[in-house]
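Just below is one structure, and these are the notes that go with it.
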Amino acid sequence: MAARGIILPTTCEDLHLVTALKNGRLLVGQHLLTGKEVPVIEAPVERIFVTKDRKNPRPKKLRLSEPLSELIKGAEVICYPMGSFYSSLIASILPRGVGRAVAGADAAKVYIPNTGDDPEQLGMGLADSVGRLLEYLAKKSELQVRDLLQYVLVDQEYGSRLPSEELRRIEVMGIEVVRTSLSTKNSGPLLDGEKLVQALLSLA
C-alpha cells in the first residue's frame, strides 16, 4: 500500500463477510464477492454484514472502540478511498459509531470513486455509490449528509465520461463534486499519488 503513519482496523475480531444479493443468494466469504477468485456476482448487492459463524451466518453487531472514535474525531481529513467498494470501503465502516465519529470530526470528508470497473458495484452509478456510502455511515440515524460527506473528488478525464445526471444527483444531496486532474499519462487509468495528495490537502 505504501502507506505511512498509523494503520488501525475498525475491529480486530475474526469474522466472515456476508453478501446478500438482490436475487436472494447469500455469499459467505469475501472471496465470493470480489470477482477475482470466482466469477463476478450475477446480481447487484442488497446488503453486506459480518458474521462469526459461516454455517449459520447471522449478523454480528460491532461497535467502534472509544479510543478509535477519538482518533477519527481528531482527523484533519477523512477520505473514503477507491478500491473494492463493499469488501474494502463499506466493510471498514460497518461497526456502529463510525458515522458518529466522522460527524464529530472538524475535517474535510472526501469520497474518491474508482476510475475503473469494480465488479462489486454491479448495477451502480456514481450517485448510487455515494448514496450507499451515506446509508452505511448514517445507519438510520439523524446524522446530516454534510457531517458525513462534503466532497466527491473526481478525476477530470474520468468525470468527462460520466453522465451529467449522475453529477447532478450528487449535488442535489448537498455534496460538492470537485473535478480536477488526478492522473497522468503514465498513471492512467490509475490515479497519480502525488496529484491525489495535493488535491486532498487543498480541501483540508
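The values are calculated or read from the model by the stated rules, or taken from the named source; none is laboratory data. Quantities reported herein were computed from a predicted structural model and do not represent experimental measurements. We place every Cβ from the backbone using ideal geometry, glycine too, and count neighbours over all the protein chains shown. For the accessible areas, the whole protein counts, side chains as well, though only heavy atoms, and no ligand, DNA or RNA atoms are used. Shrake-Rupley method; radii C 1.70, N 1.55, O 1.52, S 1.80 Å.
State the antiparallel share, in %, of DSSP beta bridges confined to the chain, rounding to the nearest 5. Display every interim value, and only then the final one.
Details: 9 of 21 bridges.
If I count the DSSP bridges inside the chain, around 45 percent turn out antiparallel.
Cα centroids of the range 1-40 and the range 134-149: how far apart, whole angstrom?
22 Å
As a check on your grasp of the helix formula, calculate [θ] at 222 nm for the chain: sum -39500 (n - 2.57) over DSSP H runs of n ≥ 4, divide by the residue count, round to the nearest 500.
Numbers: 7 runs with 55 residues, N = 204.
Counting only the DSSP helices, I get -7000 deg cm²/dmol.
Compute the Kirkwood hydrodynamic radius of the range 73-116, taking the inverse of the mean of 1/r over all pairs of distinct Cα atoms, and give it in Å to one decimal.
Details: mean 1/r = 0.0892 Å⁻¹.
About 11.2 Å, per the Kirkwood formula over Cα pairs.
So the label point goes 7 Å from the Cα of C12 along Cα→C-beta, right? Which residues of the range 64-103 then have their backbone N under 13 Å from it?
Once the point is set 7 Å along Cα→Cβ of C12, 65-68 turn out to lie under 13 Å by backbone N, inside the range 64-103.
GNM on the chain, C-alpha springs below 10 Å: top fluctuator among L162, L149, L33?
With Cα springs under 10 Å in the chain, the top fluctuation among L162, L149, L33 is at L162.
I'd like the carbon and sulfur percentage of the solvent accessible area for the range 21-68, probe radius 1.4 Å, heavy atoms only, ligands and nucleic acids excluded.
Details: 1650 of 3340 Å².
It is 49 percent, rounded to a whole number.
Subtracting the Cα-Cα distance from 0.36 nm times the residue separation, let me have the gained length for M173 to E194 in nm, one decimal.
On the way: separation 21, 0.36 × 21 = 7.56 nm, distance 2.92 nm.
Extra length from M173 to E194 when fully extended: 4.6 nm.
Build a GNM of the chain with springs between Cα atoms under 10 Å: which of D106, D117, D147 gets the top mean-square fluctuation?
Per the Cα network of the chain with a 10 Å cutoff, D117 tops the list.
Based on alpha-carbon atoms only, what is the radius of gyration of the range 137-204 relative to the globular estimate 2.2 N^0.38 Å?
Numbers: Rg = 13.9 Å, N = 68, 2.2 N^0.38 = 10.9 Å.
In units of the 2.2 N^0.38 Å rule of thumb, it is 1.27.
Using only Cα atoms, what Kirkwood radius does the range 78-178 have, in angstroms?
Working: mean 1/r = 0.0725 Å⁻¹.
Averaging 1/r across every pair of different Cα atoms and inverting gives 13.8 Å.
Residue-wise, which Karplus ³J(HN,Hα) couplings in Hz belong to the range 183-191, taking 6.51 cos²θ - 1.76 cosθ + 1.60, θ = phi - 60°, and x for glycine or proline?
10, 10, 4, 7, 8, x, x, 6, 7
Magnitude of the Cβ-charge dipole of the range 60-130, K/R +1 and D/E -1, about the Cα centre, nearest 20 debye? All intermediate terms of the calculation are to be shown ahead of the outcome.
Details: 7 positive and 8 negative charges, 89 e Å.
Value, rounded to 20: 420 debye.
Whose amide H sits under 5 Å from the amide H of A75, counting only residues 5 or more places off or on another chain, with H placed in the peptide plane?
Distant-sequence amide H within range of A75: zero hits.
In whole Hz, with x marking every Gly and Pro, tabulate ³J(HN,Hα) for the range 159-170 from phi via Karplus 6.51 cos²θ - 1.76 cosθ + 1.60, θ = phi - 60°.
Computed from phi, the couplings for the range 159-170 are x, 5, 8, 7, x, 4, 5, 4, 5, 5, 4, 5 Hz.
No solvent, one uniform scatterer per C-alpha: report log10 I(q)/I(0) for the chain via the Debye equation at q = 0.08, 0.14, 0.15 1/Å, two decimals.
-0.28, -0.90, -1.04
Hey, what's the range 63-204 come to in accessible area per residue, 1.4 Å probe, Å²? Don't skip to the answer; put the middle values down first.
Numbers: 7250 Å² over 142 residues.
About 51 Å² of surface per residue is accessible.
What would the Debye formula give as log10 I(q)/I(0) at q = 0.17, 0.29 Å⁻¹ for the alpha-carbon point model of the range 99-146, no solvent?
-0.59, -1.16
Probe radius 1.4 Å, ligands and nucleic acids ignored: give me the carbon and sulfur share of the accessible area of the range 73-204 as a rounded percent. Mind dumping the intermediate values first?
Numbers: 3160 of 6530 Å².
Carbon-and-sulfur percentage of accessible area, whole number: 48.
Can you list residues whose amide H is under 5 Å from A108's amide H, if they're 5+ apart or on another chain and H is modeled 1.01 Å from N?
Result for A108 returns I78.
Which one, K109, K60, K73, has the greatest fluctuation when you compute a Gaussian network model over the chain with C-alpha springs under 10 angstrom?
Judging by the Gaussian network model, the answer is K60.
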